[in-house]
Amino acid sequence: MATYTMRVFRGDARGGEFRDYPVDVDEGMVVLDVIHRIQATQAPDLACRWNCKAGKCGSCSAEIDGHPRLMCMTRMELFPPGSTVTVAPIRAFPIIRDLVTDVSFNYEKARQIPPLRPRPPEPDGTYRMMQEDIDRIQEFHKCIECFLCQDVCHVIRDHEENKPVFAGPRFFIKLAALEMHPLDTADRSAFIKELAGVGLCNITKCCTEVCPEHIRITDNAIIPLKERMVDEFFDPVVWLLRRLRGRRRAAPA
Amino acid sequence: MATLAYETYEHDVLVIGAGGAGLRAAIEAATQGVSVGLVCKSLLGKAHTVMAEGGIAAALGNVWPEDNWQVHFRDTMRGGKMLNNWRMAQLHAQEAPERVLELERWGALFDRTRDGRILQRDFGGHRYARLAHVGDRTGLEMIRTLQYHAIHLGIDVYMETTIARLLKDGERVCGAFGYRRDSGRFVVFKARAVVLATGGVGRMYKITSNSWEYTGDGHALALWAGADLIDMEFVQFHPTGMVWPPSVRGILVTEGVRGDGGTLRNNKGERFMFRYIPEYFRAETAETEEEADRWYEDKKNNRRTPDLLPRDEVARAIVAEIRAGRGSPHGGVYLDIATRRPPEYIKKRLPSMYHQFKALAGVDITKEPMEVGPTCHYIMGGVRVDADTTAATVPGLFAAGEVAGGMHGSNRLGGNSLSDLLVFGRRAGLYAALYAKDFGGQLVIDQGQVEAIARELLEPFERAGDENPYAIQAELQETMQELVGIIRTEAELREALRRIEALKARARRVRVDGGREYNPAWHTALDLAPLLTCAECCTLAALERKESRGGHARDDYPKLDPEWGKVNVVLRLKNGELQVAREPLPEMPPELRALLEDTR
C-alpha cells in the first residue's frame, strides 16, 4: 500500500479549483478506484462518470497529469509512490461539475451524419461479405466513444468557433466506416467536405496517440477521407466528368 | 433549493433504459409512428449491453446446418432446468435469427465464415456453434448499431435521467417521475404506455460484473406500481470473473474463452470439470479430455466439453474446487487458453480479454493462464410478463430484457441475453405502441402523487440523519455476497433478511450534503430504495424455494425437486406488504414437450 495525493478539480461552470486528497492506494488500483475511494470517504459529492471499469464503455475520460486517458485503465503504479496525481475534466467540452463535462456536441454531430443506406439483400434475404473486406471497418467499430480524440483535437480544443463546421476524429472514423461499408450506397461527399470539415484537420495525429482502442484514426480514416475529397472536388477530370454527366458520384478513391 | 418544480414531457410510449432492449423497443415503437421518449441513467451508448462480450445466440445454421429453432428452444429450456416460460423460449428461438439479420441490415459487421456469412461460435449449453459475434466485443457492435439506427427516427432521448417512480391513474400506469442527474431537476413524463428495459440488480453483490447502474430500478418500479415479480431467487453467477488484483475483482471474462478452446484447471493442473458432470447433462457431455477436444471440430461424433456446461454448473464446480483447497493463489481457479491455441488466434478472437488482462492484471493470456472465479452477472427473475406482448400484470406497463422474468427459467445460457433483448425489445415496442394507439381519453397526472414523491426524493438533503449512502450500499453488498450467494441455507437467508431490515432503517437516516447538480452521494442515496427492495425480494424468494435448481442452490435442500419444477415463486405488494406465493407454470403443449425428450 502507498499513499498518494490526488489533486482533483472541484467546481462547475461558474468556476472551481484543484483540491488535494490524501489517499491510501492498494495494489492494482486504477485512478477510477481512487476517485471512488475519495467519494466514499472524503468527498461524497465528487462527480465523475463511469460504467464498466474495464475500458469498454468510454465513460470515465479525464486528463490525468495532463494526459487524456480513461481513469479505469490507468493504474496507479504508473506514478511514483507518494507523488501527487492531478485529475482534471476533459477540456474541450463545457464543464458540468467536477470531472463531468457536457459532451452533447458529440451527440449532435452523430445525429447529423447521413446513416447507412444498405443495398438490397441477396435472394435468400442475407448478405455475403468477406472478412478481408470488413477488417478495416471493424477497426473503426472498436470505438468506445470516450471522446478523448475529440478532446485533444486542436481544431476544436482551442477553437470553439470551429465546432459548428467540424465533426472531429470520432466522427471521421464513423464516416469512414460508413463510406467503406460493403453494403452502403449513400453519398456523403458534400457532408464530409462542408459539414464535417475534414479539410480542417492538419494531421498532427494527436487523436491516434490518445485512442485507448489503438484505432489508427489518422492513417486509416482521416487520410482516406481527405484523399476522396481531393479526388471528388479538386480533380479536374472528375470535375469535367461531373459537369458533362450531371451530379453523379465519382468513383471511390 | 429550487424545490418541487419539475419539467413535463408527454409521449405515447416511454421507454426506461437504453441498453439493447430499450433501444430496440424505442426503434420499434417509433417505426409504428407513435411519439417515443427514451430515458437512460448514463449517456446514450454506455448501458450494460456495451459490455457484453461473447455473442448473440441465434440458430442461423451458418456453421452447423443441423441447427434450428427447435434445438435452440431445447437447449434454452434444459439450460433453465425447465422453469422457463415455454412460450417466451419458443418465440426467442424462432425470432432470434431474423433479429440478428436485421442488425446486419442496420450496419452491424459480424465476424464472417469463409463463404462470407455470419460466423457462429460455441458457448455453454448450446449444442451447436450458435453465437453471432464480433471478436469478444459483440455488445459494443450491437449497442452502436441500435444507437445509430435509433437517432435518425425522431426519438426523444433523455440522457442521465433516473426514474424514481411510475405514476398511476387508477389501475393504469400513466407515466413516470424522475430527476435529471446533471441538473438535479425533477421531471414528469406523461405516457400512454411505459416499457421497462432497465436491466438487472447486480450492484447488490460485492463481486459483480455489473456497473453502478444495475440497482434493480425496473424491478422495484414495477413492484411498487403493483406488478408481479417472478423467479427472483435465481441469480446467475458467471463462472469466470477476474479475481486479481482486488480492484478488478468481478470484471467479466467471456465464456468465449472456453468457447474458443480454453479450459479450466485447478492448482494441480487438472481439468476438474470432468468430475462435475451432473446426471442431467451426462448424456450430452464428453467424459474424456480427448473426446472434449475433438468436439470443437467434430460435433457429430463427440460430445460437448464439460467446460461448456451451463453457467450455474460451472460456477458451483469452481466454488467446490476452491473450497477443497485446489484453487489458485488469489482464490480462483485457472483458465488456460495459452497452451491450447496459438497467440495470433487468441488475439484475433479475444482482443479485449488480451487487452484487459495485460492492462489491469499484467498477465499475457497468450503465455499464462488467467485466474478466474464466479462473479454476479445476471438475474433470471423479473417482471412477470405476457410472453407475446411483454405486458406486465399492470395495464400500460411492459417489460423486456433482463428486467423481465420467465424467459431463462432458473438459469440463462450465455448468448441468450443479447438475443432476448432484441426479440422481446422489439415485441415490447410494438405492443406498447399498439396499446398507446388504442388508448382513449386523457392522461391525468395526480399533482399530489407527484409532489409527495418529489418531497421524498429531497429528504436526504433535509433530514437530520448521519448515515453515509456509500457505506450502506457497501454493507448490503457484503450481506448479499456472504448470505445470499451461490450456495444458500435457511439460517443464512433469515440472517440476511434481518440485516436488510436493519439497512432499510438506516437508509431512512441517510444524509447528503451539497447541491442537486450531479451529486453522486444523492444519486447513491436514492438508488438504495430499489436496491434494498430487490435484495429483499431475492432473499424472500430464495427462502421460499426449498430445492436446488439453476441459479439457486440450497445446501439444506441440495436436490432438484420435481414438485418445485411446476411452480414459480411470485412476489407482489399487498397493502404495502411483500407477499410470496407459489403459482403454477404455464402448461407446455405436447409438440414442444416432445422436443425436450432428446437428451443427446
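Annotation note: Cβ proximity below 8 Å between a residue of region A:118-134 that is facing chain B (nearest Cβ under 7 Å) and a residue that is among the polar types (S, T, N, Q) (sequence gap 6+ or interchain) occurs for A:118/A:185.
Residues in region B:142-193 that are within 27 Å of the chain's Cα centre (by Cα), under 20 Å from residue B:399 (Cβ atoms) and assigned to a loop (DSSP other than H, G, I, E, B): 1 in all. Only one entry of A:52, A:57 meets the criterion of being within 30 Å of residue B:144 (Cα to Cα), touching a residue at least 60 places away in the same chain (Cβ under 8 Å) and facing another protein chain (nearest Cβ under 9 Å), and that entry is A:57.
Screening residue B:565 on (1) in contact with a helix residue (DSSP H, G or I) (Cβ under 8 Å, 6 or more places away or on another chain); (2) surrounded by fewer than 16 Cβ atoms within 10 Å (Cβ to Cβ) shows it passes everything except condition (1). Considering A:81, A:94, the condition of being in contact (Cβ under 8 Å) with a residue 60 or more places away in the chain, within 21 Å of the chain's Cα centre (by Cα) and farther than 24 Å from residue A:213 by Cβ is satisfied by A:94 alone.
Check region A:158-174 and report whether any residue there is out of contact with any strand residue (DSSP E or B) (no Cβ under 7 Å at 6 or more places or on another chain), farther than 26 Å from residue A:63 by Cβ and of a type in the set (Gly, Ala, Ser).
Looking for residues that are out of contact with any strand residue (DSSP E or B) (no Cβ under 7 Å at 6 or more places or on another chain), farther than 26 Å from residue A:63 by Cβ and of a type in the set (Gly, Ala, Ser), one finds none in region A:158-174, hence no.
Quick one: in region B:463-479, of everything that is under 23 Å from the mean Cα position of the chain (by Cα) and under 14 Å from residue B:504 (Cα atoms), which residue is surrounded by the fewest Cβ atoms within 10 Å (Cβ to Cβ)? By that ranking, first place goes to B:474. Pairing each residue of region B:326-344 that is within 20 Å of residue B:255 (Cβ to Cβ) with any residue that is aromatic (Phe, Trp, Tyr) and not in a loop (DSSP other than H, G, I, E, B), provided the two are 6+ apart or on different chains, yields C-beta distances under 7 Å for B:328/B:334. Any idea which residue in region B:454-473 is farthest from the other protein chains (Cβ to nearest Cβ), counting only those that are in contact (Cβ under 8 Å) with a residue 40 or more places away in the chain and within 29 Å of residue B:235 (Cβ to Cβ)? Only one residue tops the list, namely B:457. For region B:262-272, check the following and say yes or no: at least one residue is of a type in the set (A, V, I, L, M, F, W, C) and either in contact with a Phe, Trp or Tyr (Cβ under 9 Å, 6 or more places away or on another chain) or within 14 Å of another protein chain (Cβ to nearest Cβ) (or both). For region B:262-272, residues of a type in the set (A, V, I, L, M, F, W, C) and either in contact with a Phe, Trp or Tyr (Cβ under 9 Å, 6 or more places away or on another chain) or within 14 Å of another protein chain (Cβ to nearest Cβ) (or both): present. Screening the candidates B:129, B:52, B:108 for the property of being within 20 Å of the chain's Cα centre (by Cα) and either among the hydrophobic types (A, V, I, L, M, F, W, C) or within 14 Å of chain A (Cβ to nearest Cβ) (or both) yields one hit, B:52. Does residue A:58 meet the test of being touching a Leu at 6+ places or on another chain (Cβ under 8 Å) and either at positive phi or at pLDDT below 95 (or both)? Considered against the rule, which asks whether it is touching a Leu at 6+ places or on another chain (Cβ under 8 Å) and either at positive phi or at pLDDT below 95 (or both), residue A:58 comes out as yes. Right, residue B:75: crowded, with 22+ Cβ neighbours inside 10 Å, more than 19 Å from the chain's Cα centre (by Cα) and more than 18 Å from residue B:52 (Cα to Cα) or not? Against the criterion (crowded, with 22+ Cβ neighbours inside 10 Å, more than 19 Å from the chain's Cα centre (by Cα) and more than 18 Å from residue B:52 (Cα to Cα)), residue B:75 does not qualify.
Against the criterion of being farther than 27 Å from residue A:55 by Cβ, at the interface with chain B (Cβ under 10 Å from one of its Cβ atoms), surrounded by fewer than 20 Cβ atoms within 10 Å (Cβ to Cβ) and modelled with pLDDT of 95 or more, residue A:184 qualifies. Kindly indicate whether any position in region A:18-28 is charged (D, E, K, R), facing chain B (nearest Cβ under 9 Å), farther than 24 Å from residue A:153 by Cβ and crowded, with 18+ Cβ neighbours inside 10 Å. Checked against the condition, which is being charged (D, E, K, R), facing chain B (nearest Cβ under 9 Å), farther than 24 Å from residue A:153 by Cβ and crowded, with 18+ Cβ neighbours inside 10 Å, region A:18-28 yields no hits at all. For region B:511-544, filtered to residues that are of a type in the set (Val, Ile, Thr) and at the interface with chain A (Cβ under 10 Å from one of its Cβ atoms), the residue that is farthest from the chain's Cα centre (by Cα) is B:512. Going by the conditions given, is residue A:179 charged (D, E, K, R) and within 14 Å of another protein chain (Cβ to nearest Cβ)? For residue A:179, the condition - charged (D, E, K, R) and within 14 Å of another protein chain (Cβ to nearest Cβ) - is met.
In summary, residue B:113 fulfils each of the numbered conditions (1) at the interface with chain A (Cβ under 9 Å from one of its Cβ atoms); (2) buried (at least 24 other Cβ atoms within 10 Å of the Cβ); (3) out of contact with any Lys or Arg (no Cβ under 9 Å at 6 or more places or on another chain); (4) of a type outside the set (Asp, Glu) with the single exception of condition (2). Is it true that residue A:238 is touching a Leu at 6+ places or on another chain (Cβ under 6 Å), surrounded by 15 or more Cβ atoms within 10 Å (Cβ to Cβ) and not in a loop (DSSP other than H, G, I, E, B)? Here the answer is no, as residue A:238 does not meet what is asked. When restricted to residues that are of a type in the set (Val, Ile, Thr), in a loop (DSSP other than H, G, I, E, B) and under 16 Å from residue B:242 (Cβ atoms), region B:337-389 contains 3. Would you confirm whether or not region B:116-139 contains a residue that is β-branched (Val, Ile, Thr) and part of a helix (DSSP H, G or I)? Yes - at least one qualifying residue is present in region B:116-139. None of A:153, A:206 is closer than 20 Å to residue A:113 by Cα, in contact (Cβ under 8 Å) with a residue 12 or more places away in the chain and of a type outside the set (A, V, I, L, M) except A:153.
When residue A:56 is tested against the conditions (1) more than 30 Å from residue B:349 (Cβ to Cβ); (2) outside the structural domain of residue A:160 (by TED's automatic domain parsing), the lone failure is (1).
Residues are listed down the side, and each one gets a yes or a no for (1) under 16 Å from residue A:229 (Cβ atoms); (2) of a type in the set (Phe, Trp, Tyr):
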site	(1), (2)
A:171	yes, yes
A:178	yes, no
A:187	yes, no
A:190	yes, no
A:195	yes, no
A:199	yes, no
A:204	no, no
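Just to be sure before I move on: is residue B:511 touching a residue at least 40 places away in the same chain (Cβ under 8 Å), over 22 Å from residue B:582 (Cα atoms), touching an Asp or Glu at 6+ places or on another chain (Cβ under 9 Å) and not aliphatic (A, V, I, L, M) in the structure I sent? For residue B:511, the condition - touching a residue at least 40 places away in the same chain (Cβ under 8 Å), over 22 Å from residue B:582 (Cα atoms), touching an Asp or Glu at 6+ places or on another chain (Cβ under 9 Å) and not aliphatic (A, V, I, L, M) - is met.
The values are calculated or read from the model by the stated rules, or taken from the named source; none is laboratory data. Note that this is a predicted model, so its numbers are computed, not measured. Virtual Cβ from ideal backbone geometry, glycine too; neighbours counted across all protein chains shown.
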